[in-house]
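Here is the structure we will look at, set down as structure tokens.
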Amino acid sequence: MALFYGSLEQGLIFGIMAIGVYLTFRVLNFPDLTVDGSFTLGGATAASLIVAGWNPWAASLVTLFTGAAAGLVTGLLHTKGKINGLLAGILTMIGLYSINLRVMGRANVSLLKQSTVKTDLEALSKSLGVDRHLVFMAVFLLVLLVIKGLIDWFLRTDLGTAVRATGDNPTMVKSFGVDTDRTIILGLMLSNALVGFSGGLIAQYHGYADAQMGIGMIIIGLASVIIGEVLVGAPTIVRATLAAAVGAIAYRFVIALALTANMSPNDLKLLTALIVILALILPPRWEKRRLRRRLEAAGDTANRAMSHDPAAGGTVNSATALSAVSTDKEGDAR
Amino acid sequence: MTRPMLVVDGISKTFNPGTPNAKQALRDVRLSLQPGEFVIIIGSNGAGKSTLLSAIAGRFSVDRGRIVLDGVDMTDWPEHRRAKAIGRVFQDPLMGTSPSLSILENMAIADKRGKPRGLRSSLGAAHRRRYQEALKELELGLEGRLGAKVGTLSGGERQALSLLMATFTEPKLLLLDEHTAALDPKRAELVLKLTERIVRTKGLTTLMITHNMEHALRMGDRLIMMHGGEIVLDLGREEKARMRVPDLLAAFERVRGEALLDDRLVLG
């Protein structure tokens, strides 16, 4: 049961990180490897501030800003420095490794005997007389839902729509007067703010921050986004952010399952990589097969009825087929 | 004479300068457009037509010369800043719209051209009504499909939508780069009719590239022919009205002293 609670609680916190990864990977179409560094930066920031006597909730809020700063660096390297996006992220990530050691002053900072978000919630559960896991889950769920709601709202504002269009068709959005450098930087800052925040909460949940805690985090984020898309689907923004959060929780349960099946913790990263590889390879293939079936069905209809589109006359079916094929190509390019 | 809307003052551009691939794409091009003037550009492949439009839109900086829009020198402005006053429709119907966004969201992006994009939303009921009014003009039924993702539309529908979006905020200049070339004849005709109607009713200053001689003679107030990065022929309304397709070919041969050997030119 402890494993179940642990997985769910961690999943809720990692869900915030997954929504951040969704922002770059899906919305901006930018695979941002800053995440490994900014997650740790969040943990390091929160832990160091708490040890220095800060209120843990205030320290958690600060991680939003340090995360955003990491995203800003990657964004500037990519847009103003014209460095390839993957490389820009890696450079920030590597630089952050040293910065995180500087922030902590050593390789890890223990939060035992410190007042953290977790100890605050434990105190709350005692005063309410309820199980502490109930309070953890309720509060983490609330935080996750508030963040999800804010991101959903933002992506439908004029600015958020411009950010989405930047990832979708930069040529088009530039031709309508959008400075894509700014929308890319904004998206990266927002994403890494969430990643850093998640890292700060995880450090408090585990009771320590460690220079290694972010390794492979981008892959976990990607796994969460993709698993979520398979489980929940992502036809709208509201569903897509939900999918990322659900995917993060599902990922935790996959890991818990692997551990109960006596898998060595050392093999977990390999397992994660395999999950992401499968999740990247399989869904596009399913999509292609579905498309082919749809095309064949359209061909059959063509023989029976000439047209269902009055504007196109008899050419409708080849036109529909063509547009379907071109959507397929777009999908491949992405 | 009123003040010209667009002045292209002697611009030149060489790509890959100093390398064996160096290509002078524009040579001292001079062009002036009156407000509301609708100018057609023709020319063979590599004549510099698209390069001229890209230079005006700011996709690259020119080596020499100035580009002045409505009295403001914008030669040194980046592309997105010029785009506040310039609408563009591309040859590829996929380029002018955002496929995974809905028709509504695409219209909202077009609607905010030249205005600050903040934390308000342009997707509300009042905006929807305005967009629907405009979409009705296309007569494609798109006004009833505001929530549909643009990626699900056909090429013709997407290009008609691109045109509507590019002209929605009545930009000072409209650049059409062979915007019907990728469409089948029926849809091309539809988009051309829309172009004529929108450009005329909104009185937009327009530069339109075409490979179709018949379209070139039928549309616009003025006809420009480019060759080798230069404007080699500039016909006003009256001269253009007297022209037939064979005259146009003859004029081309006379100016260049060479036969027109380009199978991409559609003789109409």
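Structure notes:
Residues checked against (1) within 24 Å of A:G42 (Cα to Cα); (2) over 16 Å from the mean Cα position of the chain (by Cα); (3) crowded, with 21+ Cβ neighbours inside 10 Å; (4) within 14 Å of chain B (Cβ to nearest Cβ):
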residue: A:N100; (1), (2), (3), (4): yes, yes, yes, no
residue: A:R132; (1), (2), (3), (4): no, yes, no, no
residue: A:T180; (1), (2), (3), (4): no, yes, no, yes
residue: A:N192; (1), (2), (3), (4): yes, no, yes, no
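- Filtered residue count, region A:237-271, keeping only those that are loosely packed, with under 15 Cβ neighbours inside 10 Å, at negative phi and among the polar types (S, T, N, Q): 3
- Residue in region B:122-132 that is surrounded by fewer than 22 Cβ atoms within 10 Å (Cβ to Cβ), touching a helix residue (DSSP H, G or I) at 6+ places or on another chain (Cβ under 9 Å), under 21 Å from B:L6 (Cβ atoms) and at the interface with chain A (Cβ under 7 Å from one of its Cβ atoms) present: no
- Identity of the residue in region A:117-130, surrounded by 14 or more Cβ atoms within 10 Å (Cβ to Cβ) and of a type in the set (S, T, Y), that ends up nearest to A:A58 (Cα to Cα): A:T119
- The test for being farther than 20 Å from B:F90 by Cβ, within 14 Å of chain B (Cβ to nearest Cβ), in contact (Cβ under 8 Å) with a residue 12 or more places away in the chain and in a helix (DSSP H, G or I) holds for A:V163.
- Qualifying positions in region A:166-178 - more than 7 Å from chain B (Cβ to nearest Cβ) and under 20 Å from B:G58 (Cα atoms): A:T166, A:P170
- Residue satisfying condition, being out of contact with any His (no Cβ under 6 Å at 6 or more places or on another chain) and at the interface with another protein chain (Cβ under 8 Å from one of its Cβ atoms), within set B:L153, B:L176, B:L138: B:L153
- Odd one out for A:L145 among (1) under 28 Å from B:R59 (Cβ atoms); (2) free of Cβ contacts under 8 Å to residues at least 12 places away in the same chain: (1)
- Residue in region B:87-105 that is farthest from the chain's Cα centre (by Cα), counting only those that are facing chain A (nearest Cβ under 8 Å) and not in a loop (DSSP other than H, G, I, E, B): B:E105
- If you filter region B:161-173 down to residues that are at the interface with chain A (Cβ under 10 Å from one of its Cβ atoms) and not hydroxyl-bearing (S, T, Y), you find that the one that is surrounded by the fewest Cβ atoms within 10 Å (Cβ to Cβ) is B:F168.
- Residue in region B:32-43 that is of a type outside the set (A, V, I, L, M), closer than 21 Å to B:G229 by Cβ and surrounded by fewer than 16 Cβ atoms within 10 Å (Cβ to Cβ) present: yes
- Sole exception among (1) over 19 Å from B:S121 (Cβ atoms); (2) surrounded by fewer than 22 Cβ atoms within 10 Å (Cβ to Cβ) for A:T157, by number: (1)
- Per this entry, A:L41 is not counted among residues that are part of a helix (DSSP H, G or I) and more than 17 Å from the chain's Cα centre (by Cα).
- Out of B:K13, B:K49, sole residue that is in contact with a strand residue (DSSP E or B) (Cβ under 6 Å, 6 or more places away or on another chain), more than 30 Å from B:L153 (Cβ to Cβ) and among the basic types (K, R): B:K13
We did not get these values from a lab; they are worked out from the coordinates using the rules stated. In this text the structure is predicted, and so the values were computed from the model without any measurement. Cβ: placed from backbone, ideal geometry, glycine included. Neighbour counts: every protein chain shown.
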